[in-house]
Structure formats: C-alpha cells, structure tokens
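Q: Sharing a structure here in structure tokens format.
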Amino acid sequence: MEPLTDKEIRSSFVNCTKGEAARMKLPLDFAELPWEDLDFLGWVDPGAPLRAHLVVPRPGGPVGITLRVPAVGRTSAMKSSMCQLCLTAHASSGVTLLVAPLAGARGREGNTVGTYICADLACPLYARGKLQPKLRGRRHEESLTVDEQVDRMMGNLNAFVNRVTAG
C-alpha cells in the first residue's frame, strides 16, 4: 500500500460524517507504519475503543470505512475463531464481529453489515507471516503462495467494502 497522509485518510471515509472523520484518532504508531507490508490500513480508534476503521486502496482512490466494535466480548463457547478476511485462526478473543453502517441514506437509517475480522486488524501482517496468532503460535499451513493468500484476503475485503458502499 502506498503511504497516505492524514488528510487523504480522513477524506476517504464513505460511511460517516466529515465531522466524525475529523474527530477520529489515527493509529498511535502512524508515523512508523510498515506501509510496504500493508495491503490496507486498519486500526481501533485509540480515542474511541468501540470504533475501528479500515482504509482500502481502490482504483478511484482510497475508501475508508468506519466500524463498530462490540462493547462486550462474545459469550461463545468456541475455543477458536477464523477471520473472514485473511482466514487466520485465533483464540476466540482474537476475532471480533465488526459492524459497518452502510454508506448513504440506508446507513443513516441504521442499516449495517458486519463480518468477523482479526481483532487487531492486522490481517496483512498475518497473511504475510509477519505476525503469528496466539492460537498454537502459528497460522495453518496452506498450499497457496503468500501472494495468493494476499489476493484472497483483498478479494474478501473488497467484497465487504462493496457491500458497505452499495448502501
């Protein structure tokens, strides 16, 4: 991913107001982000921990999506969960349901779409093997190359972004 400026990030959001985009806090490590290892930027807002944000490079420019983080953890008896973007298995607390208001009028009416994503939003780093999940200390072995895994992750992410922007 090409590095983005604060202004480019804030102006990319499609499912929140300009005021909400202006008030969001960027990642605490924004100046040190490993842009060369990122296929998208994702973070939990340090000023509002029940908000998360994704910025996805698209042909027409970056698209930002704001998400809601559940206030309480899932009460599931599951011992592990899988991210629907990068397909990394984690201990159940390592994956969370993130919900995005739809863009446009339908989102203002309260319509949302959600998906299960790595709680730390570090999917590109998991797909590239730069991070390992806490569950058994490694990702599942795959026959796909890293590039193929990244392509699959981005296909999954773009399908989610399309659902949000079709609002």
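Q: Scan region 50-61 and tell me whether some residue there is under 15 Å from the mean Cα position of the chain (by Cα), under 28 Å from residue 145 (Cα atoms), at pLDDT 95 or above and of a type in the set (Val, Ile, Thr).
A: Among the residues of region 50-61, at least one is under 15 Å from the mean Cα position of the chain (by Cα), under 28 Å from residue 145 (Cα atoms), at pLDDT 95 or above and of a type in the set (Val, Ile, Thr), which makes the answer yes.
Q: Got a sec? Which of 8, 2, 20 is part of a helix (DSSP H, G or I), under 24 Å from residue 127 (Cβ atoms) and not basic (Lys, Arg)?
A: 8
Q: Could you list, in sequence order, all residues of region 119-165 that are without any contact (Cβ under 8 Å) to a residue 12 or more places away in the chain, assigned to a loop (DSSP other than H, G, I, E, B) and of a type in the set (A, V, I, L, M)?
A: Listed by number, the residues that qualify are 131, 144.
Q: Within the bounds of region 69-78, is there any residue that is crowded, with 19+ Cβ neighbours inside 10 Å and either at pLDDT below 90 or within 13 Å of the chain's Cα centre (by Cα) (or both)?
A: Scanning region 69-78, I find no residue that is crowded, with 19+ Cβ neighbours inside 10 Å and either at pLDDT below 90 or within 13 Å of the chain's Cα centre (by Cα) (or both), so the answer is no.
This table checks each residue for (1) of a type in the set (S, T, N, Q); (2) under 29 Å from residue 142 (Cα atoms); (3) buried (at least 18 other Cβ atoms within 10 Å of the Cβ); (4) touching a helix residue (DSSP H, G or I) at 6+ places or on another chain (Cβ under 7 Å).
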{"site": "16", "(1), (2), (3), (4)": "no, no, yes, no"}
{"site": "55", "(1), (2), (3), (4)": "no, yes, yes, yes"}
{"site": "63", "(1), (2), (3), (4)": "no, no, yes, yes"}
{"site": "84", "(1), (2), (3), (4)": "yes, yes, yes, yes"}
{"site": "101", "(1), (2), (3), (4)": "no, no, yes, yes"}
{"site": "109", "(1), (2), (3), (4)": "no, no, no, no"}
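Q: For region 44-53, name all the residues that are more than 13 Å from residue 9 (Cβ to Cβ) and either among the charged types (D, E, K, R) or surrounded by fewer than 19 Cβ atoms within 10 Å (Cβ to Cβ) (or both).
A: Correct list: 46, 47, 48, 49, 50, 51.
Q: Checking the condition under 24 Å from residue 15 (Cβ atoms), at pLDDT 95 or above, among the aliphatic types (A, V, I, L, M) and in contact with a Ser or Thr (Cβ under 9 Å, 6 or more places away or on another chain), which residue from 121, 41, 85 passes?
A: 85
Q: Cβ contacts < 7 Å: first residue in contact (Cβ under 8 Å) with a residue 60 or more places away in the chain, restricted to region 95-114; second residue part of a helix (DSSP H, G or I), any location; separation 6+ or different chain. Result?
A: 100/164; 101/107; 102/164; 103/164; 103/165
Q: Mind checking which residues of region 84-118 are of a type in the set (Gly, Ala, Ser), closer than 19 Å to residue 133 by Cα and in a strand (DSSP E or B)?
A: Within region 84-118, 89, 91 meet the criteria.
The values are calculated or read from the model by the stated rules, or taken from the named source; none is laboratory data. Predicted model, so just to flag it, every value in this text is computed and none were measured. Cβ atoms come from the backbone with ideal geometry, glycine included; neighbour counts cover every protein chain shown.
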